[in-house]
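Accompanying notes for the structure given below.
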Amino acid sequence: MKKLSKTKTILRLLITILILSYSSLFSNSRFTQSKSANYIELKETNLPQEHVRRWLFTMIESDFDSKIDTKEKVLILNKLSNTHKSTLPLEKSVEWFKDRNKGLHLYHNEIIGVGLDRTENGINFVSLFDLKRGIELLNKSNTSIFKLILSGKKDSIRLNNESSWKATKIQWDTNEKLSLLTLNFKDPKDSRLKGLSVFCEVEFNNNMTHWTLETRLPEKGLSLLESEFPSIKAGPIGQIPEDNVLHYPKASGIASQSPYTRGVNYSEVYPNWRATYQMLGLYDRKGGLYIASHDPTGSVKTISASTDEEKVSFRFNWPAPNMGLDGNGYKLPGKVVLGSIEGDWYEAAMIYQAWVKEQAPWWPPAPSKRPSRIQDIAVWVQHEAGGDLETLVEEVLEFAEFMRVPVGFHWYLWHKIPFDNDYPHFFPAKDGFVKAVRDLEDAGVRVMPYINGRLWDADLDDFKSEGIKAVTKNEKGEPYIEDYGNGVRNAVMNPVTQIWQNKIKDIVLRLQQNSGTSGVYLDQISAASPKLCMDIAHGHPLGGGSWWLDQGYYKLLSAIRDEMPKGAFLTSESMAEPYNHLLDGLLSWNSQFQNQKPIYSAIYGGRISIFGRNNPVGPNKHKALIMRAGQQLVFGEQLGWISPKILKEKEPANFLRKMAQTRYKLIDYFVDGQMLAQPVVVGDIPNITADWEWGENNPSDVTISALQRGAWQANDGKIINIFVNVSDETIYFSTPNADGTDNDKISLPSYSLKLIKTNKSR
């Protein structure tokens, strides 16, 4: 009897909580409360009752797991759907909800739901629920909204949304046009933080929630160092964790299957080649979580995703502008977006692309608006160090004649100084350089010499007298120094300074105007992360923010573009989105990883030239070269970046030529076109593995599908499906035909390709 009485007490408690806590859940619905039984009924809701019950069950399970077993939980939820005549108007239930001081709070727009748990000392973020699909996107583990690091008078102080506050407030405003959740955090428990407050807004927009964060500080005594926002734990998505895929913005994009068993530990400072855009995600076969920073300033931030056996942890860490200075309150730029998607990384890329087009300044102009000689290049050649210029020109011209398509020549060591030495003193050029450039350009080869756009040799006399004024410095006033294995100490220069802007501008224009090169390659600019410079004499905010771009490289690159010869182009190392509008091309040489996806190409392909992979040449390297070339074609990249010595190796040279000629043939799809989702195929398609000789392991084995496939849409609406067999065996498969009425059955021989055109838009 005592056990039964205890169970009834627990049930009554749970039902009371449900009545009070979940009353805001159901727009356009009513609750029924029976006088004879302590449970409620959901009635006339626009949401599937099964999904609503699932959301409630998730909440009960999370909060009362130790107090009630599963059978009792199910019983309660079944009672929620029972029919009773009496009703409780929604308006009154909302008032009840608003008046609640503590406990669970649920908000939604009938598509996406947010659950908060208001406690004695804070507010916990406990649910992000896909109401359309009926799945929880967050993990049951405690999930934060934000974490802050501040410096006080004597030491650093940390606080978060969960346990640091004496006063918090939740406000919910909704109408036909807007659903807005406002969270206020005031009066920190730590007396050293007196006067600090935090404000967070959550706007509901279809299947997405848009979050902002602002930290306000007193004028004296406190300095904000870093904001971690968001800081959430997610997944597994759906019922089968093995079906989950985690994608993150390394190089072209990585999509890791079953991440909970792989030990993913991704953390990179944006923007750089390992953090090329500001979006991640977690999904199963039907859809999942979209998480992104829609920050149009491109401010420096660390983007992280790490896994264990049960969850994925996502974090964005924002170093504050003017860190170390009192009263540097900071409203994070743009919005953090959390929501649900139907589909995989491609659907996420389209959501992100739509935002970039609308708000980001780096969406590139249409190729027709800014034509350059890089746009129709199909394949790239580069030359090893050493040798006389006459031989170099002969070998490059021989390569171009063999390929029979527009060729780009990336020319390293055109100068007399050794590589990575004596920067930025690239002149004088080697004897005969200008004549060699003209001979190549006259033959149709687009010459692009190398310079470094970021480093100054720190041991040179002019660095010590002039460069030291323009170098980035840490909090101790010491220059940031980098060594690339040859013992040379290279200082990272500050792009805000006029000294450095003038230095790089003069070099680039001299090359283009006096030597007649088609383009100039500025190494490292888009590949390397911003440095948190603390030199107040430079005039930019100390530490974090967007000054590296808007006060620095944006001004530098714009000044160059203003005086560039017509048709000339600028490129840099690796993909990194905030530079897209001021560069014409990005070298993708380090896209050499397992589980690569063309996420960057899906977002930006067709608007900026992505070119070149690292392609070592040799008899035992043919397999990897063919794999890369096939992948480059379907990714929409310009092929190659390879030594002319490849011509001595017949099979890979012929395959590379076939891919290059196909790219040139399909130029209208790749220039001002749009990547589409991969075409559907059915068949027993094998994988193929080779050492790509670059990456994180030794050997650097990469496994890809033997059937590389992609789809692109030209500006006129025409669609091309591309299928490339990169293996030495025939592949048999089928794919929906152009009319979508049947399947085309295809037999694709080794090292061959198949193109299927259609006028039908997707």
### Query
Can you find even one residue in segment 490-513 that is under 27 Å from the mean Cα position of the chain (by Cα) and not aliphatic (A, V, I, L, M)?
yes
### Query
Of (1) modelled with pLDDT under 95; (2) in a loop (DSSP other than H, G, I, E, B); (3) within 31 Å of the chain's Cα centre (by Cα), residue 685 satisfies all except one. Which?
(1)
### Message
Please go through (1) closer than 25 Å to residue 257 by Cα; (2) without any contact (Cβ under 8 Å) to a residue 60 or more places away in the chain; (3) assigned to a helix (DSSP H, G or I) for residue 613 and return the number of the only condition it doesn't satisfy.
### Response
(3)
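So in segment 359-399, with the set limited to residues that are of a type in the set (S, T, N, Q) and either touching a Cys at 6+ places or on another chain (Cβ under 7 Å) or in contact (Cβ under 8 Å) with a residue 12 or more places away in the chain (or both), which one is surrounded by the fewest Cβ atoms within 10 Å (Cβ to Cβ)? Please lay out each step first, then the result.
We begin by selecting, within segment 359-399, every residue of a type in the set (S, T, N, Q); these are 359, 368, 372, 375, 382, 391.
Add one more test, that the residue is either touching a Cys at 6+ places or on another chain (Cβ under 7 Å) or in contact (Cβ under 8 Å) with a residue 12 or more places away in the chain (or both), and what stays is 359, 368, 372, 375, 382.
Details: 359: 13, 368: 10, 372: 21, 375: 21, 382: 21.
Looking at the filtered set, the residue picked out is 368.
Name the residue that is nearest to residue 504 (Cα to Cα), counting only residues in segment 422-454 that are of a type outside the set (A, V, I, L, M, F, W, C) and in a strand (DSSP E or B).
Step one: list which residues in segment 422-454 are of a type outside the set (A, V, I, L, M, F, W, C), which gives 422-425, 428, 430-432, 435, 438-439, 441-442, 444, 446, 449-450, 452-454.
Within this subset, residues satisfying the condition of being in a strand (DSSP E or B) are 446, 449-450, 452.
Numbers: 446: 21, 449: 14, 450: 12, 452: 9 Å.
The qualifying residue nearest to residue 504 (Cα to Cα) is 452.
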### Query
So which residues in segment 455-480 are assigned to a helix (DSSP H, G or I) and buried (at least 21 other Cβ atoms within 10 Å of the Cβ)?
463, 467, 470
### Task
Give the residue, chosen from 651, 573, that is more than 24 Å from residue 303 (Cα to Cα) and acidic (Asp, Glu).
651
### Message
Here is a check on your reading of the model: is residue 379 aliphatic (A, V, I, L, M) and within 37 Å of the chain's Cα centre (by Cα)?
### Response
yes
## Note on the structure
Given the conditions (1) part of a loop (DSSP other than H, G, I, E, B); (2) surrounded by 20 or more Cβ atoms within 10 Å (Cβ to Cβ), every one holds for residue 289 apart from (1)
### The one condition in (1) farther than 26 Å from residue 330 by Cβ; (2) touching a residue at least 60 places away in the same chain (Cβ under 8 Å) that residue 241 fails to fulfil
(2)
### Summary
Only unsatisfied item for residue 707, checking (1) surrounded by fewer than 21 Cβ atoms within 10 Å (Cβ to Cβ); (2) farther than 30 Å from residue 370 by Cβ; (3) in contact (Cβ under 8 Å) with a residue 40 or more places away in the chain, is (1)
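The values are calculated or read from the model by the stated rules, or taken from the named source; none is laboratory data. All figures in this text were calculated on a predicted structure; none of them were measured in a lab. For neighbour counting, all protein chains shown are included, and Cβ atoms are generated from backbone atoms with ideal geometry for every residue, glycine included.
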